[in-house]
Amino acid sequence: MRIDCPLSTNFNASQASRPPVTSGVPFAAMKTDLPQPVLLDALESSPKSFFSGSSSKLASKRFAWASFSVIILFSVLASTFAQDEKRSELSAWEHSVVTIEVARKQYDYFLPWSKRTIKLRKIGLVVGARQILTTAGEMFDRTLVRVQKGGRGQWWIGEVTWIDYHADLALVTVSDAKFWRDLKPVVFDTATPSDGALQILRWRDGNLESRRAEFTRYTVREGQLSAVNHAVLEAGSEIQGAGWGEPLIANSHVVGIIRAQEGRICVATPASFIRAVLEAHKKGAYHGLGYFHFYWQPAENPDSLAWLKLPGEQHGVIVTQIPNRPDGGAQVLKPLDILLKIDSFDLDIQGDYNDPEYGHLMLENLATRGKWAGDEVKMQIWRDGKAREVIYRLPKFEYSNALVPYAVFDQEPEYFITGGLVFQPLTDSYLRSWGSEWKQRSPFRLNYYNNEEPTKERPALVILSQVLPDAYNIGYQDQRYLVVNKVNGQRVNRLPELRAALAKPMNGFHIFEFAEGESLRRMVLNAGGPEQEATARVLKRYGIADAAYIASDKTN
Amino acid sequence: MLKKTSILFLLTVNWLTVGLAANPERSVIQIVTSSQQPSWDAPWRFEPVRRGGGSGFVIKGRRIMTNAHVVSWARQILVRRYQDPRPYLAEVEFIGHDCDLAILTVQDEGFFENIEPLEFGELPKVRSTVVTYGYPAGGEEISYTRGVVSRIELEPYAHIGNRRFLGVQTDAAINPGNSGGPVVQDDKVVGVAFQGLPGLENMGFFIPLPVIDHFLNEISNEHYDGFPTAGIRVVPLQNQAYRSLLKLPDNNLGTRVDSLLPIPSTEKVLKEDDVLLRVGAFPVASDGTILYQGNRLSAALGFQFAQAGEAVPLQIWRDGRQMDVSLPIYVYDADRATGYQYGSLPRYYIYGGLVFTPLSLDYLKTQGRAPADQSGIEAYYELYYRRNESPATARPEPIVLASILADPVNANVASHGSTPVDKINGIRIEKLDDVVRALETNTNAYDVVEFLPNHNFEILEHGKAAEANPEILKTYGVPKDRRL
């Protein structure tokens, strides 16, 4: 099923079957550029030259020779035609695929006060009136966005008009009307070619590079920048270094944009997901991605369904645990409910449903298949020997829903330094400082907090990440990675609470209490003058401009 | 802890031949073993027989001293005398897995003829010269290597994996096969070679006299209990603020008790924030060390001279004043699963082809995963962290579903890797006996096995599972359905 991008309304159906061509260019110029008219002219003119001014016999011989020549010529021309057509098709994409250059701040969470900037380039697609679509990856903490068309020439100042890290999509525009003059929006399509042949496009050294790819499968994965599951398209290719928003093309339509590459597999956000998000955004109906905030297990063991007294054919999965909803909403599911159907889709015992577009996909995709945070999902469940229907309202995915937030974007790393003690919120952004294998390399206990649910008493964690040595903190220099429980008797979950607690020392001392475990449990330091002097000394000695960065200070 | 101990290697060798030498090498023994370890993930089974070897030396009382790891899981121990081609059968008389020492005996009286037992010396000085004797790999003759004592401190003992005792580092070449051999100074034994660090040349470790003496004292009453543990975690007390808060004089003495293990005898005597001023005869410095024979060593050493059940006199600082207390210390084995286990075979219970076994370091090692791999993360937390962080929720013996012996009765039960079992038929599983009770007393049609942490579960038809069990055991050659 073909789905035109809703934003390309100036594109008619006949054009939609071909690669997009550039608008705003005189037709004659277009015609000479395109191979098809040129080829037709040649075919019409060449035979005429053979027949002109000849007798019939000679004409007959000539006709035979001419026929043979025409066949040869036709073959040559046909080959040329194919190459030219390919070149033409590629040439057409040059007016829809652009390069985006992002300059952004790069933070070192081990030194949260230090900032560097990096520049990188990615691919954007013209998707509508003054709109360029790209992935949200590397668009965070940006300081400057520039856009280049045609793979060379002028860079135009771009502006991100909308970004959603959870959906991993961003829209960029350029205010200068001249930029848009010869650009044409692409068409999205979800159809996968029967032979699985796909094409990846990107600008390389001023040329539009086209690389082959082969459709592998549709599946469900976590988002590139979030823990929300949604459908992705996986394609195998020999291309290297992809994953920067390159369009994946099938039958001259965009079927996805590549968000990551893992070995030979390019992982693309599929067109229908993009289309649905953009459409909802345009209508103002997009409130972020929702998700199923409960744990379930497949019911592949038929005894488990029998134990729960489900009659008839085996289907459905079993709900095992329901954490508190992040929005505080009522729970409609219970442990040991059998989830039979979500909206109109039957669930099999693996937890898959049959998606009309993608085939069998994991049920998690039904939280993002045209549904957004706050939307209702109808569920048919089996509980206490009876089938019943419940309405499940999708909670909004927020990084802060987790005890250890998945990421922090568009915000400088928070920290608080007192007397050389450096405190930071525990986030995955911090843990990722251990590199690509951070789950193995970061301190086990800190990483294990990812397996714990936030509670009312402990919604977030602050850690003593390091101690910058100073005479004031002597004896504690080697302490690090300690989770703060209390400071001066007050519970501390966030940096503002730490600051407030430090404002109330106990008999001239600061008493720090850390989480139980094998690490240090208690630390005492002098409060008041010695502390302030030490902080000033540490900032100067270690070249730190500010003793703290607390994001809420900026917003309040 | 796991990571640190795993980088140490033990100095046994797979196979060595007889060597020749003269005094005191006449007292150095070559040990050849055939050993067979149990399979911790298929606990009724054993791994293939491995031939290995090490060294030992004769001590008074017609005994041979060697390392525990040389003779662990041995099916047969052969010992060879210097220049004597005849192998003699030996047996383990005493073995201390925590301190990696063992005593062997040889029934054949002729073995000890013309062998003078070696005498023990004392803790060597740093920078002094020592000679190691043994039968390391790379040759057939007895080997002597001379080196300097580089460092003396508490070292992790790799054989047990979760204990630290006094160890001496030397640059004498100590190689695989040296294990159990004597380290000699002035014709007296000052240590037993036992481990090295891979990748670091000229760095070997030997067990010094204080540890050997403790072991020998312990076996003097004909059995070995192990080193006792005080069960306290002390941290340096060098920040002036903390010392002021505790009203402690600024005299560079005293280390602070930061936390206590849940050992009643210790909790009765000590509290958090007590300051240890003296352990036994040793004043404790503010960095948590004592001065022992010219070496600054962790104050933990001060407790390691006491035998199990003895009381260690302590001088402490509490509530602004000095106090003398006496701390009885005992062998602590609640954490035995966090170290390598020897001697007794792994316990298990098989029901409907489901193999349940206690979670242990030995079991986790069979899974071959990094601790933070998602499949092992719960087990790792359960084994190493929960007891310290949340004693109230900790289980004395966490249980895992180690494997599934495939059979139609369990065909649809999914493997849960090393994920600990939470409940079975509604009964919280604290130890292996609970598994047996929960399954064998069930009167319902189904058995429900729940796993940590998200309450994932598996179901078996109770009647069919119980009925199928004997046939499953037969199919897989499992002699018994349990070892409890």
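Out of curiosity, is A:TRP438 open to solvent by less than 40 Å² (accessible area, probe 1.4 Å), closer than 30 Å to A:ASP546 by Cβ and of a type in the set (Phe, Trp, Tyr)?
Details: open to solvent by less than 40 Å² (accessible area, probe 1.4 Å): yes; closer than 30 Å to A:ASP546 by Cβ: yes; of a type in the set (Phe, Trp, Tyr): yes.
Judged against the criteria, A:TRP438 is a match.
Considering only residues that are within 14 Å of chain A (Cβ to nearest Cβ), aliphatic (A, V, I, L, M) and touching a residue at least 60 places away in the same chain (Cβ under 8 Å), which ones fall in region B:382-412? Passing the criteria: only B:VAL409. B:GLY353 meets each of the listed conditions (1) on the phi > 0 side of the Ramachandran plot; (2) touching a Phe, Trp or Tyr at 6+ places or on another chain (Cβ under 7 Å) apart from (2).
If I filter region B:66-84 for residues that are in contact with a Lys or Arg (Cβ under 7 Å, 6 or more places away or on another chain) and aromatic (Phe, Trp, Tyr), do I get at least one hit? So far as region B:66-84 goes, yes, one or more of its residues are in contact with a Lys or Arg (Cβ under 7 Å, 6 or more places away or on another chain) and aromatic (Phe, Trp, Tyr). Residues that are open to solvent by 30 Å² or more (accessible area, probe 1.4 Å) and under 30 Å from A:THR135 (Cα atoms) within region A:287-329 comprise A:HIS287, A:TYR291, A:TYR295, A:PRO326, A:ASP327, listed in sequence order.
Residue-level check: of (1) away from chain A (no Cβ under 11 Å); (2) without any contact (Cβ under 8 Å) to a residue 24 or more places away in the chain; (3) of a type outside the set (Gly, Ala, Ser), B:ASP362 misses just (2). All of (1) in contact (Cβ under 8 Å) with a residue 40 or more places away in the chain; (2) closer than 30 Å to A:ASN485 by Cβ; (3) not hydroxyl-bearing (Ser, Thr, Tyr) hold for B:ASP447 with one exception: (2). Set side by side, the residues A:ASP195, A:ASP189 differ, and just one is acidic (Asp, Glu), closer than 30 Å to A:TRP372 by Cα and out of contact with any Phe, Trp or Tyr (no Cβ under 6 Å at 6 or more places or on another chain), which is A:ASP189.
Can you say whether B:VAL190 is assigned by TED's automatic domain parsing to the domain that holds B:VAL92, of a type in the set (A, V, I, L, M, F, W, C), under 15 Å from B:SER150 (Cβ atoms) and over 20 Å from the mean Cα position of the chain (by Cα), as far as the supplied structure shows? Break it down stepwise before answering.
Details: assigned by TED's automatic domain parsing to the domain that holds B:VAL92: yes; of a type in the set (A, V, I, L, M, F, W, C): yes; under 15 Å from B:SER150 (Cβ atoms): yes; over 20 Å from the mean Cα position of the chain (by Cα): yes.
Judged against the criteria, B:VAL190 is a match.
Could you tell me how many of the residues in region A:504-554 are crowded, with 17+ Cβ neighbours inside 10 Å and of a type in the set (Lys, Arg)? Number of matching residues: 2.
For region A:181-202, filtering for residues that are open to solvent by less than 30 Å² (accessible area, probe 1.4 Å) and either at negative phi or among the aromatic types (Phe, Trp, Tyr) (or both) leaves 13. Within region A:457-474, which residues are touching a residue at least 60 places away in the same chain (Cβ under 8 Å), within 14 Å of another protein chain (Cβ to nearest Cβ) and either open to solvent by 20 Å² or more (accessible area, probe 1.4 Å) or under 19 Å from A:GLU398 (Cα atoms) (or both)? Selection gives A:ALA471, A:TYR472.
Do you know which residues across region B:449-466 are more than 7 Å from chain A (Cβ to nearest Cβ), of a type in the set (A, V, I, L, M) and either surrounded by 20 or more Cβ atoms within 10 Å (Cβ to Cβ) or assigned to a strand (DSSP E or B) (or both)? If the condition is that a residue be more than 7 Å from chain A (Cβ to nearest Cβ), of a type in the set (A, V, I, L, M) and either surrounded by 20 or more Cβ atoms within 10 Å (Cβ to Cβ) or assigned to a strand (DSSP E or B) (or both), then B:VAL449, B:LEU452, B:ALA465 are the ones that fit. Annotation note: of B:GLY477, B:GLY426, the sole residue that is closer than 27 Å to A:ILE349 by Cβ and more than 9 Å from chain A (Cβ to nearest Cβ) is B:GLY426.
Tell me, please, whether a residue that is within 14 Å of chain B (Cβ to nearest Cβ), within 28 Å of the chain's Cα centre (by Cα) and within 23 Å of A:PHE397 (Cα to Cα) can be found in region A:327-344. Give the derivation first.
Step one: list which residues in region A:327-344 are within 14 Å of chain B (Cβ to nearest Cβ), which gives A:333-338.
Right, trim to within 28 Å of the chain's Cα centre (by Cα) and you get none.
Checked against the condition, which is being within 14 Å of chain B (Cβ to nearest Cβ), within 28 Å of the chain's Cα centre (by Cα) and within 23 Å of A:PHE397 (Cα to Cα), region A:327-344 yields no hits at all.
Of the strands (runs of 3 or more DSSP E) lying entirely inside region B:153-266, those containing at least 1 residues that are under 26 Å from B:PRO124 (Cβ atoms) and within 14 Å of chain A (Cβ to nearest Cβ) are B:164-170.
Hey, any hits in region A:276-286 for a residue that's modelled with pLDDT of 90 or more and within 14 Å of chain B (Cβ to nearest Cβ)?
Looking only at region A:276-286, we keep the residues that are modelled with pLDDT of 90 or more, and these are A:276-286.
Filter once more, keeping what is within 14 Å of chain B (Cβ to nearest Cβ): none.
Within region A:276-286, none of the residues are modelled with pLDDT of 90 or more and within 14 Å of chain B (Cβ to nearest Cβ).
Identification of strands (runs of 3 or more DSSP E) wholly contained in region A:101-157 with 2 or more residues that are free of Cβ contacts under 8 Å to residues at least 60 places away in the same chain and either under 30 Å from A:LEU539 (Cβ atoms) or hydroxyl-bearing (Ser, Thr, Tyr) (or both) yields A:111-128, A:142-149.
Among the residues making up region B:310-331, a single one is in contact with a helix residue (DSSP H, G or I) (Cβ under 9 Å, 6 or more places away or on another chain) and outside any strand (DSSP E or B): B:ILE329.
The values are calculated or read from the model by the stated rules, or taken from the named source; none is laboratory data. Please read these numbers as outputs of a predicted model, since none were measured by experiment. Glycine gets a Cβ as well: all are built from the backbone with ideal geometry, and neighbour counts include every protein chain shown. Heads up: the accessible areas ignore ligands, DNA and RNA and are worked out on the full protein's heavy atoms, side chains in. Shrake-Rupley method; radii C 1.70, N 1.55, O 1.52, S 1.80 Å.
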